[in-house]
Amino acid sequence: MSAQSQFNLLPDTKLAAVKSNRARNLLVSAALVISAASAAIFLILLSTTGVIQKKQLSDADKAIASNTAKLQAMTGLDKMVTVQNQLSTLVDLHKNKHISSRIFSYLPEVTPTQVSLGHLALDFKTNTIQIDGTADSQKSVNTFIDTLKFTNYIVNSGDSPKSAFPSVVESSFSIGTKNVSYSLNVTFDPALFANNILDSKGHAKAPTLQVPKLTTTRSVTDDPANLLFNGQNSGAGGR
């Protein structure tokens, strides 16, 4: 038997070049396949956006036009919308309204027993009170003025006191046979009558007055006949 021998006649550099060409051809083929797939996906998405989205927009326009026509066909729509808008403002109006009835709890705390009120007018636009009345003397009127000036208020315990009536001006004064008549223009802090100060239960909370001990006031007298209003043009008005 004759022995057969095989020899690799390709040099190492040639063999490396062949392997490199095969790898390059494989990469190029893969890139071409991926590019073709990406192009196909892009064309599918483009056609989908162009057709389906246009149809969705068209359907939405038709629905809007149909619902608009139904609303326009309803009778009294303008009135219903107006009422709805007005109802939506009731909450804010309630929060911003003033509790004018508190004046009848404040006045006995600051009015001396020798002073009576004949007329009272509240103006919530200018935060002022006009007080007309009578007293036994000018000294009592001055005490009333000083009491108002130095009265503070707090809302919660621990609050810093604030002036309840920052400005008190005696606009007129006259002396009669038995008493004196006076007229005061008083500026008050709007928080005294605010409706948006709430307690822990959500109820409107009235500020607490801190009245200086200048004289005995109506709130501490025990004489039921010692009426706050003297009957002369008595009453309270609010604006």
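Here are a few things to note about the model shown:
- Cα gyration tensor shape of the stretch 101-162, rounded if a/c is under 1.5, else prolate or oblate by comparing a/b with b/c: oblate
- Whichever lysines have a C-alpha closer than 24 Å to that of residue 70, once near sequence neighbours (fewer than 8 apart) are set aside: 55, 62, 79
- Averaging 1/r over every pair of different alpha carbons in the stretch 12-73 and inverting the result gives a Kirkwood radius of 16.3 Å.
- Residues 104, 165, sorted so that the one with the fewest Cβ neighbours within 10 Å comes first: 104, 165
- Taking every alpha-carbon pair under 8 Å whose residues sit at least 6 apart, the stretch 92-194 reaches a relative contact order of 29 percent.
- Set 139/162; 139/178; 125/213 screened for pairs whose C-alpha atoms are more than 21 Å apart: 139/162; 125/213
- In order along the stretch 124-130, phi translates into HN-Hα couplings of 7, 6, 9, 6, 10, 10, 9 Hz, rounded to whole numbers, per the Karplus curve 6.51 cos²θ - 1.76 cosθ + 1.60 with θ = phi - 60° and x for Gly and Pro.
No value in this document is a laboratory result; all are computed from the given coordinates. These figures come from a predicted structure and were not determined experimentally. When we count neighbours, we look across all protein chains shown, and the Cβ atoms used for this are built from the backbone with ideal geometry, even at glycine.
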